[in-house]
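Participant: Take a look at the following structure, please.
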Amino acid sequence: MKVMVVGGGGREHAIIKAIKDNPKIDKLYALPGNGGIAADAECVPIGAKELDKIVAFAKENDIDYAVVAPDDPLVLGLVDLLEEAGIPSFGPHKDAAIIEGSKAFSKELMKKYGIPTAAYETFTDMEEAFAYIDTQNVPVVVKADGLALGKGVIIAQTREEAKEAVRSMMEDKVFGESGSVVVIEEFLEGPEVSVLSFTDGETLIPMISSMDHKRALDGDQGLNTGGMGTIAPNPYYTPEVAEICAEEIFLPTMHAMNREGRTFSGCLYFGLMITKDGPKVIEYNCRFGDPETQVVLPLLESDLFDIMLHVTEGTLADADVRFSEDAACCVILASKGYPKSYEKGFPMEIPEDLTGVYVAGAKKGEDGVLYTNGGRVLGVTERAATLKEAIDKAYASASRIHFDNAYCRSDIGQRALKALED
Ligand code: AMP
Ligand code: GLY
């Protein structure tokens, strides 16, 4: 089969490494991929949002199957376009990807079907939003409705700050049209757990749980980022919590989407908070998480590509989905300054024996050397029998990679380790 993976970050690199040795795959493309992914797939310089070009490429090159990994093309409807062109894909249709594409939609879905989440209201009128904020306790959370690169969420410590956030979204349009609709919700407290799942709309199989580290600096300080590191499994996701999640959140969400006529097929990501009143949904994503994928897939013992084909064919119940008992840790090496401005274009050296390096932002120079080309440059994953060993190994491996201006958090996994000790 000729297969293409749409996307070009660390998550896509992890997906590509996991599927590339499947004997069914004769040729593997990445659109656009990146300088690091080029070692594992043929990179084609077409951006993940260039839907027409992607479809044209797929037709011209007789692609048999597509994996659409990032949120934008899913929310824009790439899977529908590929299907019209006769190309089956892994990923939800546009009408199901809205579960991530619109927070107003996902909050309404949860309210309608009794799925536990933070209390909220949705507003299109600024004065009404202000009046509602006056009735709320602080902190209070203000979210832009649409996709905003994970940055459309503001945790306001005062009512004034909340109103300022609403004003910046609705009036100043800091997140563009994403901010014309604003969701204001209750502030929840508790550890966060990410659970990715495979679903074909009939069966839902959760993958091993993980924990992201979203803030830029140690001790969960600094700005929100796309994720500075991950560990799996997440110790807060106990078997009891897993059972409650399956009964109250995972299956009800799958059934709710079916009842809405929006059957979800692909990877459904549950961003959960384990509050004192039980697990609640913070967000849904319509795709694999980044950098969650970089710890989840290395622990998958069965074959990812075969599972994907089962999902697309609606036969997930027959798939073999098994995870290791090991733990994994991924440390992100970023450019100093990320998520704000940073310099790029520095050469890097990656020792060849490191097999768990997932490249997110790098470009190959004409000299064949990899140069930094993004905020998150790469993720270094290691697995081991215990979380402590996995963390130590990941940091040891990361310390063997060099480039100017490199930065990483030094405490990835420490909160989880502490939870295991308590
Ligand atoms: P989201 O983009 O919705 O995942 O939000 C980004 C981050 O903001 C989450 O990972 C949480 O850490 C935080 N967050 C979002 N909603 C809430 C909430 N209702 N209460 C507390 N923290 C939240
Ligand atoms: N790591 C969070 C996300 O992929 O949205």
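The values are calculated or read from the model by the stated rules, or taken from the named source; none is laboratory data. Note that the coordinates shown come from a computational prediction; the quantities given were computed from them, not determined experimentally. Because the Cβ atoms are built from the backbone with ideal geometry, glycine has one as well, and the counts that use them run over all protein chains shown. Heads up: the accessible areas ignore ligands, DNA and RNA and are worked out on the full protein's heavy atoms, side chains in. Shrake-Rupley method; radii C 1.70, N 1.55, O 1.52, S 1.80 Å.
Participant: Quick one: would you say Asn285 is farther than 21 Å from Gly7 by Cα and of a type outside the set (A, V, I, L, M, F, W, C)?
Facilitator: So Asn285 fails the test.
Participant: While we're looking at this one, here's another question. Just wondering, is there one or more residues in segment 187-198 that are more than 11 Å from ligand 1 (Cβ to nearest atom), among the aromatic types (Phe, Trp, Tyr) and within 25 Å of Pro339 (Cα to Cα)?
Facilitator: Within segment 187-198 (the criterion being more than 11 Å from ligand 1 (Cβ to nearest atom), among the aromatic types (Phe, Trp, Tyr) and within 25 Å of Pro339 (Cα to Cα)), the answer is no, since none of the residues qualifies.
Participant: Quick one: Met348 ticks every box in (1) open to solvent by 40 Å² or more (accessible area, probe 1.4 Å); (2) of a type outside the set (Phe, Trp, Tyr); (3) farther than 26 Å from Asp72 by Cα except a single one, so which number is it?
Facilitator: Failing condition for Met348: (1).
Participant: Could you please give the count of residues in segment 289-306 that are open to solvent by 10 Å² or more (accessible area, probe 1.4 Å) and within 10 Å of the chain's Cα centre (by Cα)?
Facilitator: Result for segment 289-306: 1.
Participant: Here is a further query. So which residues in segment 70-93 are open to solvent by 20 Å² or more (accessible area, probe 1.4 Å), in a helix (DSSP H, G or I) and either among the small types (Gly, Ala, Ser) or in contact (Cβ under 8 Å) with a residue 40 or more places away in the chain (or both)?
Facilitator: Passing the criteria: Asp71, Asp72, Val75.
Participant: Moving on to the next point. Kindly indicate whether Val331 is assigned to a strand (DSSP E or B), at pLDDT 95 or above and either over 28 Å from Ile99 (Cβ atoms) or open to solvent by 40 Å² or more (accessible area, probe 1.4 Å) (or both).
Facilitator: yes
Participant: Under the condition of being away from ligand 2 (no atom under 16 Å from the Cβ) and closer than 18 Å to Ala118 by Cα, which residue from segment 257-288 is most open to solvent (accessible area, probe 1.4 Å)?
Facilitator: The extreme case among them is Lys276.
Participant: Of everything in segment 234-247, what is open to solvent by 20 Å² or more (accessible area, probe 1.4 Å) and in a loop (DSSP other than H, G, I, E, B)? Give them in sequence order.
Facilitator: Answer for segment 234-247, where residues must be open to solvent by 20 Å² or more (accessible area, probe 1.4 Å) and in a loop (DSSP other than H, G, I, E, B): Pro235, Tyr236, Tyr237, Thr238.
Participant: Can you confirm whether segment 307-318 contains a residue that is open to solvent by 40 Å² or more (accessible area, probe 1.4 Å) and under 27 Å from Leu378 (Cα atoms)?
Facilitator: No: zero hits.
Participant: Could we say that Ala41 is under 17 Å from Arg287 (Cα atoms) and buried (at least 16 other Cβ atoms within 10 Å of the Cβ) here?
Facilitator: no
Participant: Give segment 200-233 a look and list any residue that's among the β-branched types (Val, Ile, Thr), in contact with a strand residue (DSSP E or B) (Cβ under 7 Å, 6 or more places away or on another chain) and part of a loop (DSSP other than H, G, I, E, B), or say none.
Facilitator: Ile208, Thr225
Participant: Follow-up. Name the residues in segment 366-389 that are over 21 Å from the mean Cα position of the chain (by Cα) and open to solvent by less than 40 Å² (accessible area, probe 1.4 Å), would you?
Facilitator: Listed by number, the residues that qualify are Leu370, Thr372, Ala384, Leu387.
Participant: Separate question: Please work out which one of (1) in contact with a Cys (Cβ under 8 Å, 6 or more places away or on another chain); (2) free of Cβ contacts under 8 Å to residues at least 60 places away in the same chain is the condition Gly101 fails and give its number.
Facilitator: (2)
Participant: Conditions: (1) more than 20 Å from Ile332 (Cβ to Cβ); (2) touching a Phe, Trp or Tyr at 6+ places or on another chain (Cβ under 7 Å); (3) of a type outside the set (D, E, K, R); (4) surrounded by 23 or more Cβ atoms within 10 Å (Cβ to Cβ). Asn22 meets all but one. Number of the miss?
Facilitator: (4)
Participant: I'm told Asp172 meets every condition in (1) out of contact with any Ser or Thr (no Cβ under 6 Å at 6 or more places or on another chain); (2) over 21 Å from Ile98 (Cα atoms); (3) touching a residue at least 24 places away in the same chain (Cβ under 8 Å) except one. Can you identify the failing condition by its number?
Facilitator: Of the numbered conditions (1) out of contact with any Ser or Thr (no Cβ under 6 Å at 6 or more places or on another chain); (2) over 21 Å from Ile98 (Cα atoms); (3) touching a residue at least 24 places away in the same chain (Cβ under 8 Å), the odd one out for Asp172 is (3).
Participant: Can you tell which of Thr225, Thr275, Thr293, Thr253 is of a type outside the set (D, E, K, R), in contact (Cβ under 8 Å) with a residue 24 or more places away in the chain, within 13 Å of ligand 1 (Cβ to nearest atom) and touching a Leu at 6+ places or on another chain (Cβ under 9 Å)?
Facilitator: The match here is Thr275.
Participant: Could you list all residues from segment 161-205 that are more than 16 Å from ligand 2 (Cβ to nearest atom) and within 30 Å of Ser302 (Cα to Cα)?
Facilitator: Phe198, Thr199, Asp200, Gly201, Glu202, Thr203, Leu204, Ile205
Participant: Continuing with this model, one more query. Mind checking whether some residue in segment 146-155 is closer than 30 Å to Asp306 by Cα, surrounded by 15 or more Cβ atoms within 10 Å (Cβ to Cβ) and near ligand 1 (Cβ under 9 Å from one of its atoms)?
Facilitator: no
Participant: Given the criterion open to solvent by less than 10 Å² (accessible area, probe 1.4 Å), under 22 Å from Ser106 (Cα atoms), at pLDDT 95 or above and of a type outside the set (Ser, Thr, Tyr), identify the matching residue among Phe187, Phe198.
Facilitator: Phe198
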